[in-house]
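Quick notes on the structure that follows.
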Amino acid sequence: SAKAAGSNKWAFFKQQMTERAVTRLRTEASLHEAIKNNEFLLYFQPQLDLKSGQLIGCEALIRWQRGDKLVSPMAFIPIAEETGIIIAIGEWVIEQSCKTLNHWQKHYNFQTTIACNVSTKQFTDAGLISHIKRTAMRYQVKPECLEIEITETSFMNDVEQAIVKLQQLKTAGFGIAVDDFGTGYSSLSYLRRLPLTTLKIDRAFISELPGNGAIASTILTLGKQLNLQIIAEGIENRQQLAWLENNGCSIGQGYYFSEPLPLDEFEKRYVVAQHSLVGL
Ligand code: C2E
Ligand code: MG
Ligand code: MG
Ligand code: MG
């Protein structure tokens, strides 16, 4: 009967919810373990000058080495956010990035920028700014070599508070990028008030190129008016690259150039290749 079918559906739904909750609890518990056991690693995706192909910087993207599986951040960052473990993970990402910049500087005399993703919960953490400053200082990292990527949701709820925080970062000299720009619901009038350095055009708009360039070109115009650096995310082919070059976008990242790479791969391709070892 319909009633039986309905109750079956409900039972199925409940079972699914339970399974999901159990998976979440397991993941939460193992995330705590993962920090202790050093199971996270950073991959690096190059950001290139589109004309010359020169390296401008890179974005640090976290991975979780869980047994023999490499877990994507999409699978655990949301859970880390909900449970608050993101604070510890985020501090690890900043520290690891500073350590890496220090290593490149000391061993290869190589200076570049690393962009670190900071999620919404992390951005509201009262200790964030001082942690970033302290860590950069400890590893002798110039603030302009570290860029903080936030998304629009990070400043939507409390713009005034966000402005205060971003101003502290900017005053200290750190870069500030808005990630996935154009996908959130931030108002353009806020944008002018935020002390930003960079807008990253979301991959969704790059994937529409070259056919539909309306959004990408609007963001490029806006960025120029506000005197911001623009980075195109998710460039996958020549046609997209050509459109961007023709429309005044000078920096980009994407699979067309390189996927995110493990540290040693990134070093082989972009660091050691261009910079001789200090003292050799
Ligand atoms: P995101 O910051 O927007 O990073 C860009 C994502 O797009 C990365 O996925 C990258 O691998 C992928 N990508 C780059 N180029 C291309 C391309 O040409 N085509 C396609 N289809 N994808 C491309 P990933 O590494 O899986 O990271 C996903 C998201 O997880 C990131 O999006 C970011 O929001 C979050 N995330 C990554 N690392 C961290 C972290 O250390 N902390 C925090 N809070 N979030 C992170
Ligand atoms: Mg990002
Ligand atoms: Mg993005
Ligand atoms: Mg994203």
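The values are calculated or read from the model by the stated rules, or taken from the named source; none is laboratory data. Quick caveat, the model's predicted, so the values are computed rather than measured. Every residue, glycine among them, receives a Cβ derived from its backbone with ideal geometry; neighbour counts consider all protein chains shown. In case anyone asks, the SASA skips ligands and DNA or RNA and just uses the protein heavy atoms, side chains included. Shrake-Rupley method; radii C 1.70, N 1.55, O 1.52, S 1.80 Å.
Pick out which of Glu265, Glu59, Glu19 has the largest mean-square fluctuation in a Gaussian network model of the chain, springs linking Cα atoms closer than 10 Å.
Result for the chain, Cα springs under 10 Å: Glu19 fluctuates most.
Once you've got the Cα coordinates, tell me which of Lys170/Lys200; Lys99/Lys170; Lys36/Lys170; Lys69/Lys200 are over 28 Å apart.
Checking Cα-Cα distances, Lys36/Lys170; Lys69/Lys200 exceed 28 Å.
With every protein chain kept in place and ligands, DNA and RNA left out, what is the accessible area per residue of segment 1-92? Probe 1.4 Å, answer in Å².
I get 61 Å² per residue for segment 1-92.
Under a cut-off of 13 Å between alpha-carbon atoms, report the aspartates and glutamates in cross-link reach of Lys133, not counting same-chain residues fewer than 8 places apart.
Cross-link targets: Glu91, Glu95, Glu144, Glu147.
Between Gln229 and Gln140, what FRET efficiency follows from the Cβ-Cβ distance if R0 is 30 Å, with the result rounded to 0.05?
0.75
So what's the back-of-envelope 222 nm ellipticity for the chain, counting only DSSP H runs of four-plus at -39500 (n - 2.57) apiece and dividing by all residues, rounded to 500? Could the numbers behind the result be given before it?
Numbers: 12 runs with 138 residues, N = 280.
Helices in the chain give a 222 nm mean residue ellipticity of -15000 deg cm²/dmol.
Enter the accessible area per residue of segment 191-280 (Å², integer; probe 1.4 Å; all protein chains in place).
That works out to 52 Å² for each residue.
Provide, as a two-decimal number, the C-alpha radius of gyration of segment 199-280 over 2.2 N^0.38 Å, N being how many residues it has.
Relative to the 2.2 N^0.38 Å estimate, segment 199-280 comes out at 1.31.
Give me the percent relative contact order of the chain, please, defined on Cα pairs under 8 angstrom at least 6 residues apart.
The normalised contact order for the chain reaches 18 percent.
Students sometimes get this wrong: rank Met156, Met74 by accessible area, probe 1.4 Å, all chains present, largest first.
Correct descending sequence by accessible area is Met74, Met156.
Just how large is the dipole of segment 165-280 about the Cα centre, in debye to the nearest 20, putting +1 at every Lys and Arg Cβ and -1 at every Asp and Glu Cβ? Provide the component values of the computation, followed by the final result.
Details: 10 positive and 11 negative charges, 115 e Å.
It comes to approximately 560 debye.
Of the residues Thr221, Thr124, Thr18, which exhibits the maximal mean-square fluctuation in a Gaussian network model of the chain defined by a 10 Å Cα contact cut-off?
Greatest mean-square fluctuation among the candidates belongs to Thr18.
Expressed as a whole percentage, what fraction of the accessible surface of the chain belongs to carbon and sulfur atoms when a 1.4 Å probe is rolled over the protein heavy atoms?
The C+S portion of the solvent-accessible surface of the chain is 53 percent.
Just from the alpha-carbon atoms, what are the Rg and Dmax of the chain in angstroms?
That works out to 20.7, 82 Å for Rg and Dmax.
Starting from the Cα gyration tensor of segment 54-144, multiply each eigenvalue by 5, take the square root, and state the resulting semi-axes largest first in whole Å.
24, 17, 11
If I ignore ligands, DNA and RNA and count only protein heavy atoms, how much of Glu233 is accessible to a 1.4 Å probe, in Å² to the nearest 10?
About 20 Å², ignoring ligands and nucleic acids.
Could you state the number of Å between the C-alpha centres of segment 98-133 and segment 1-31?
40
Taking 8 Å as the Cα distance limit and 6 or more residues as the minimum spacing, I'd like the relative contact order of segment 1-120 as a percentage.
Taking the mean separation of contacting Cα pairs over the length of segment 1-120, I get 23 percent.
With charges only on Cβ, +1 for K and R and -1 for D and E, what is the dipole size of the chain about its Cα centre, in debye, rounded to 20?
For the chain, the charge dipole is close to 320 debye.
Leaving ligands, DNA and RNA out of it, work out the accessible area of Ser250 with a 1.4 Å probe and give it in Å² to the nearest 10.
About 60 Å², rounded to the nearest 10.
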